[in-house]
1. Out of curiosity, is Ala208 more than 16 Å from the ligand (Cβ to nearest atom) and either hydroxyl-bearing (Ser, Thr, Tyr) or at pLDDT 90 or above (or both)?
2. Residue by residue through segment 246-269, note down the ones that are buried (at least 16 other Cβ atoms within 10 Å of the Cβ), part of a loop (DSSP other than H, G, I, E, B) and modelled with pLDDT under 90.
3. If I go through segment 106-141 residue by residue, how many of them are at pLDDT 90 or above and either more than 16 Å from the ligand (Cβ to nearest atom) or of a type in the set (Ser, Thr, Tyr) (or both)?
4. Mind listing whichever residues of segment 70-91 are buried (at least 19 other Cβ atoms within 10 Å of the Cβ) and either within 15 Å of the ligand (Cβ to nearest atom) or at pLDDT below 70 (or both)?
5. Tally time: how many residues in segment 190-223 are among the polar types (S, T, N, Q) and assigned to a helix (DSSP H, G or I)?
6. How do the pairs read when you match residues in segment 133-149 that are under 11 Å from Leu164 (Cα atoms) with residues anywhere that are assigned to a helix (DSSP H, G or I) and of a type outside the set (A, V, I, L, M, F, W, C), using Cβ under 8 Å and keeping only pairs 6 or more apart or on different chains?
7. Within segment 1-42, how many residues turn out to be at pLDDT 90 or above, within 16 Å of the ligand (Cβ to nearest atom) and in contact with a Gly (Cβ under 7 Å, 6 or more places away or on another chain)?
8. Considering only segment 230-240, how many residues are surrounded by fewer than 19 Cβ atoms within 10 Å (Cβ to Cβ) and assigned to a helix (DSSP H, G or I)?
Amino acid sequence: ALSVGIVGLPNVGKSTLFNAITKAGAEAANYPFCTIDPNVGVVEVPDERLTKLTEIVVPNRVVPTAFEFVDIAGLVAGASKGEGLGNKFLGHIREVNAIAHVVRCFEDSNITHVAGKVDPLSDIETIDLELIFSDLDSVERRIDRTRKSAKAGVKEAILEVSVLERLKDAFENGKPARSVELDDEEKLVVRDLHLLTIKPVLYVANVAEDEVANAEENQYVKKVREHAATEGAEVVVISAKVESEIAELEGEDKQMFLEELGLAESGLDRLIKQAYKLLGLITYFTAGVQEVRAWTISQGTKAPGAAGVIHTDFEKGFIRAETVAYDDLVNYGSMNAAKEAGKVRLEGKEYVVNDGDVMHFRFNV
Ligand code: GDP
């Protein structure tokens, strides 16, 4: 399953946020692909389109799509040199698909800050440098091995060394791999290095509970936003403490509490949506009377691959996919009306699935 790792210095609010995630969390039984582990929280992706589809189809049950958050606690300065449980945590980061970097933007004299004062930019730099050191190490080792072949004139090796040199240069200037522009061929060259700083990142600015409504006035949040903008990264502002309280509530109680706080949506829901986007994922739907369900695929997936997310047999025996765009289905109000209007297409093996497609697969068994 796809996963987002929660990282950050100690005492910034990671566990508080992770507890909110597991409390609000999904019924893991619905998602057999998900890991059962105390450090993994499964979240359902909020999607208004499911509500509309439910009104049209009136199914027995509705299943949103889901992904995992992994709590990666314990990253401290010196981790790349083996301080603390350094290498173990770097190994956990290697396994996730994207990173949610929690930074402390709340003042609280009762809660120690590891660096002595609240300073989100310096915190971000501390974590980034640990990951960069580790990547620098991987790249240097690889260069040593590849240089010989490059000298002997092996074409692939020459390309590889040039890519590695560019990365090394960035690392030595304190810049992450995601800041280095690589084309598809170059990306392929470094893929098996499993670099930590090549993973997409979003920042989670954790503010005090009485600041959530006016978080944009918080000076620390401003700094985090400025920094994120230079990387083209997103920032999600939350109060982890408030989220852990919201996660205890359901339905109307939750709605009322959010209104009291002046919020349209919980911070956790915003975080889930942004993280899903960060993973480069899109959603297609199946809509039968038994079940309306959202499924996750990567952008660019063809119809058989999309069918394979439901079951490998669907992919192996794929014949065609009856497909209607979500907007068309909603505009015409029913599957039959959309069919009469010629909006339901029969798509074959080469069809690239779009976000929001409502699909019915035909397959051989
Ligand atoms: P971690 O080390 O990053 O996992 O941090 P924790 O989640 O354990 O939080 C450290 C301390 O900060 C705990 O005492 C939390 O209750 C507190 N904390 C977390 N979020 C907030 C917040 O939004 N406001 C305040 N005042 N305290 C918070």
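1. Numbers: more than 16 Å from the ligand (Cβ to nearest atom): no; either hydroxyl-bearing (Ser, Thr, Tyr) or at pLDDT 90 or above (or both): yes.
Against the criterion (more than 16 Å from the ligand (Cβ to nearest atom) and either hydroxyl-bearing (Ser, Thr, Tyr) or at pLDDT 90 or above (or both)), Ala208 does not qualify.
2. Once the filter is applied, which keeps residues that are buried (at least 16 other Cβ atoms within 10 Å of the Cβ), part of a loop (DSSP other than H, G, I, E, B) and modelled with pLDDT under 90, segment 246-269 yields only Leu263.
3. 17
4. Our first condition is that a residue be buried (at least 19 other Cβ atoms within 10 Å of the Cβ); within segment 70-91, this holds for 70-72, 75, 79-80, 86, 89-90.
The answer is Val70, Asp71, Ile72, Leu75, Ala79, Ser80, Gly86, Phe89.
5. Keep residues of segment 190-223 that are among the polar types (S, T, N, Q), which gives 197, 206, 214, 218-219.
Filter once more, so that each one left must be assigned to a helix (DSSP H, G or I): 219.
Here the count works out to 1.
6. Between residues of segment 133-149 that are under 11 Å from Leu164 (Cα atoms) and residues that are assigned to a helix (DSSP H, G or I) and of a type outside the set (A, V, I, L, M, F, W, C), the close pairs are Leu136/Lys168; Leu136/Glu172; Val139/Lys168; Glu140/Lys168; Arg142/Glu160; Ile143/Glu165; Ile143/Lys168; Thr146/Glu160.
7. Total satisfying the criteria: 4.
8. 2
The values are calculated or read from the model by the stated rules, or taken from the named source; none is laboratory data. In this text, all values refer to a predicted model and were calculated from it rather than measured experimentally. All Cβ positions, even for glycine, are placed from backbone atoms using ideal geometry, and neighbour counts span all protein chains on display.
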